[in-house]
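Notes follow once the structure below has been shown.
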Amino acid sequence: MEAYIAQCVESILRTPSLAAVEVIVVNDGSKDKTLRIAKQYAERHSDTVHIIDKPNGNYGSTINAALPIVKGEFVKILDADDAFDSSHLAEFLAFLGKMQGVDMVVTPFTEVNKQKEHRVDYNLYSRKVYEYGKVYNAEDIFGDGVIRFFMMHGVCYRTELLRQMSYRQSEGVSYTDQEWVFYPLFNVKSIAFADIPLYRYNIAREGQTMDADVQLRSLSQLMAVTEALAHYFTLHSTTIESATRIAFLRNIVADRIRIVYRKYLLVMPNNMFAASNFEEVDARLTALLAQCGIEELSVPVNNMLKVDLLAYWRTNGRRYGVARGLLLWADRFMARVHTLLFRRK
């Protein structure tokens, strides 16, 4: 991250409200100049920037290392190859100052892809029903169907909430940002929304974990996190009295399982699929469905193209043939149309 860490840290330090900020930089065993650059900022801003230098343990281990020393009332993750919009940080901090005791604050974020930028709101479909600055009961949010899931770039938590639930992420695997936007929801009681697009999510960097090719090569890690979410749900849903919350959380698990199926049944090239031992993967996913009380699962190509990939596999014992290429093309085309319609500059 040596090419990105300066931009990341400086995007925080440029705020006029720096006295209200604590920056914890976790060096996860990097071998480049990342740590040296971070230490230079810590030397110049010793009251603000603190360094944790540790052996490599992947994404979750950095969160687990930082949370015990966080002093602020709220905590937000910023990946090293991303940045905050410095012009909005003071506004965001002022908003947090009015949200004392609120468990979760949700904001829009900006996807940055070379010269293009798109704002992404809490709902993904630009159907805005929540009043900015109002504190909502989490049960109302979980039950009204506007939000199906949250994304890491848009959430901020009350630190004590995470401490009280002894929050920890899985270590040694990628994609544990899904745990960050799932585990706390078992305990969140209040949610507020702010019209402040703070986070600038860099989707242009080659080799990042969200790259489609990287995801295919990392399906074992995606599977491991999916299993972790399912096991967490099984363990902790028994302590939740609200049927509304349980249904919301169960649907998130179902969506994660659906994503894994879709990678295998639609996206994966034929030669890779032939060597994937999908029957074993299918058995593991089927066990997760039963474990979480998910009686039926459809795996459509996308929300608009309802061709059920899993039903075809169940009936025929194979994936779609020539039609799979057409379905994949249609999916990519619809994703482009969705971006043009619902994600504004």
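The values are calculated or read from the model by the stated rules, or taken from the named source; none is laboratory data. Owing to the predicted nature of the structure, the values given are computational and were not obtained by experimental measurement. Methodologically, a virtual Cβ is constructed for each residue, glycine included, from the backbone with ideal geometry; neighbour enumeration extends over all protein chains shown.
Applying a threshold of 6 Å to beta carbon distances and a minimum spacing of six or more residues, or different chains, the list of pairs starting in segment 131-144 at a residue that is surrounded by 12 or more Cβ atoms within 10 Å (Cβ to Cβ) and ending at one that is in a helix (DSSP H, G or I) reads GLU139/THR244; PHE142/THR244; PHE142/ARG245; PHE142/PHE248; GLY143/THR244.
For segment 137-156, the tally of residues that are aliphatic (A, V, I, L, M), assigned to a strand (DSSP E or B) and more than 18 Å from the chain's Cα centre (by Cα) stands at 0.
Take VAL267 and tell me if it is of a type outside the set (S, T, N, Q) and over 17 Å from the mean Cα position of the chain (by Cα). For VAL267, the condition - of a type outside the set (S, T, N, Q) and over 17 Å from the mean Cα position of the chain (by Cα) - is met.
Restricting segment 227-242 to residues that are aliphatic (A, V, I, L, M) and in contact with an Asp or Glu (Cβ under 9 Å, 6 or more places away or on another chain), the residue that is surrounded by the fewest Cβ atoms within 10 Å (Cβ to Cβ) is ALA228.
Contact map, segment 150-165: residues that are buried (at least 21 other Cβ atoms within 10 Å of the Cβ) paired with residues that are of a type in the set (Asp, Glu), Cβ distance under 6 Å, separation 6+ or inter-chain. Pairs shown: ARG158/ASP103. When the residues of segment 279-336 are filtered to those that are among the basic types (Lys, Arg) and out of contact with any Pro (no Cβ under 6 Å at 6 or more places or on another chain), the one that is modelled with the lowest pLDDT is ARG336. Screening segment 51-93 for residues that are surrounded by fewer than 19 Cβ atoms within 10 Å (Cβ to Cβ), of a type in the set (Gly, Ala, Ser) and more than 17 Å from PHE193 (Cα to Cα) and picking the one that is farthest from the chain's Cα centre (by Cα) gives SER87.
Residues considered: ARG262, ARG258, ARG245. Of these, the only one that is within 25 Å of PRO184 (Cα to Cα), touching a Pro at 6+ places or on another chain (Cβ under 9 Å) and surrounded by 17 or more Cβ atoms within 10 Å (Cβ to Cβ) is ARG258.
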